[in-house]
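The structure under discussion appears below in the form of structure tokens.
The values are calculated or read from the model by the stated rules, or taken from the named source; none is laboratory data. Here the structure is a predicted model, which is why all the values come from computation and not from measurement. Here the Cβ is made from the backbone with ideal geometry for all residues, glycine too, and neighbour counts use every protein chain on show. Note: areas computed on protein heavy atoms with side chains; ligands, DNA, RNA excluded. Shrake-Rupley method; radii C 1.70, N 1.55, O 1.52, S 1.80 Å.
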Amino acid sequence: MSTDRRWDLLALGNPCADLVVDVASPPRAGEKVLGRLRGRFAGGTTANAACALARLGGRAAVMGQVGDDDAGRQLRAAFETDGVDARHLATLPGRSTGLAIAMRPTGGDAALVVIPLIAEAMSETTLRAALSMSRVVLATPSDLTELRRLRQLAAETGTLVAIDIDPVVAADRGAVLARAALADIVLLNARALHGTGKGTAAHDTPDDALRALQDLRAALPSPPLLMAATRGARGAGAIDATAEIAEIASEDTIVKMADESGFPRDAVDTTGAGDTFNGALILAWLEGQPLREALRFACAAASLAVGAVGARTAMPDREATQRLAASDDAGPAPAT
């Protein structure tokens, strides 16, 4: 993989506009509730990660599609503001940009309704050209055939494949493994890690999470270069298969494992926290930061990102992230 490419990260996928509504509680079937509109914000899983990486000093681009409407223009303008290259963001005439409706209850996690863009097939020639300019491509794969195609093209262009596994799409361990086997970097949350697709796995300890991450890695035919699992405010764990110093050895493969406590923060909106973590971790890893430092950096960035409504509103810059990462706000994080 070349280090002198134009972009550190290519975010593959259609961005969406996030319509955020505060409610006392999400409506049940047949029920109507009153809500308060907080606004329409730029969003999209991989797009958010690209913006986070760019704000932290990395070079990012986005490849996807938006509609020819106000929301599409808003998204394009947001990429320009964050310094994310949008040359491969296509505008589809007569189409509506993807929309995510987030209903935020008092003191709980938001309920989401996602209305995707009716997209067109992506040009393989254009995708290949974009990959050739990127060190890492980040995708949220739902279709395994498309992921295999991406993997093949990325191998031909010398680009690393990073995937953010959505537990809604990969609702069991088999689905998680099928996707993880096709990636160099695997990013997932506690629900996907435990193969449930629902619930929070809030009972797990750092040891539980790292053990589950190690078990997942051991079940793969070819271990990824980097695996990380977020645990919300409880922090994150990671395994780096390329670590020079081994803290845990498994058969013939030397790995390094780390766990980092979350930085305590009053969360206003957690929508972009995981995406911010992903962008920050990928950047820190590409920079060659030691695993624990990279994980701490990513946790700090994610902690700062929850401070305002909107996935990207409070995404931090590098100075703020490094300042928090260097502080003593996090609890102890012993190596495991």
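Data table
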read-out	value
Residues located in the range 265-299, provided they are touching a Phe, Trp or Tyr at 6+ places or on another chain (Cβ under 7 Å), closer than 19 Å to L160 by Cβ and in contact (Cβ under 8 Å) with a residue 24 or more places away in the chain	A280, A294, A298
Candidate set: the range 119-139, residues that are under 14 Å from G64 (Cβ atoms) and among the β-branched types (V, I, T); chosen: the one surrounded by the most Cβ atoms within 10 Å (Cβ to Cβ)	V137
Selection within the range 92-118 - closer than 12 Å to D69 by Cα and open to solvent by 60 Å² or more (accessible area, probe 1.4 Å)	P93, G94, R95, S96
Qualifying position, being assigned to a strand (DSSP E or B), open to solvent by 20 Å² or more (accessible area, probe 1.4 Å), in contact (Cβ under 8 Å) with a residue 40 or more places away in the chain and under 22 Å from L99 (Cβ atoms), among L19, L37	L19
Inter-residue pairs, beta-carbon under 8 Å, first among the acidic types (D, E) and in the range 113-134, second open to solvent by 80 Å² or more (accessible area, probe 1.4 Å) and not in a loop (DSSP other than H, G, I, E, B), 6+ apart	E124/R149
Single unsatisfied condition, G64 versus (1) within 24 Å of D4 (Cα to Cα); (2) in contact (Cβ under 8 Å) with a residue 60 or more places away in the chain	(2)
Test: A71 is of a type in the set (A, V, I, L, M, F, W, C), crowded, with 18+ Cβ neighbours inside 10 Å and at pLDDT below 95	no
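Conditions tested, residue by residue: (1) out of contact with any Pro (no Cβ under 6 Å at 6 or more places or on another chain); (2) acidic (D, E).
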position	(1), (2)
D68	no, yes
R76	yes, no
R87	yes, no
L92	yes, no
L99	yes, no
M122	yes, no
S132	yes, no
P141	yes, no
L147	no, no
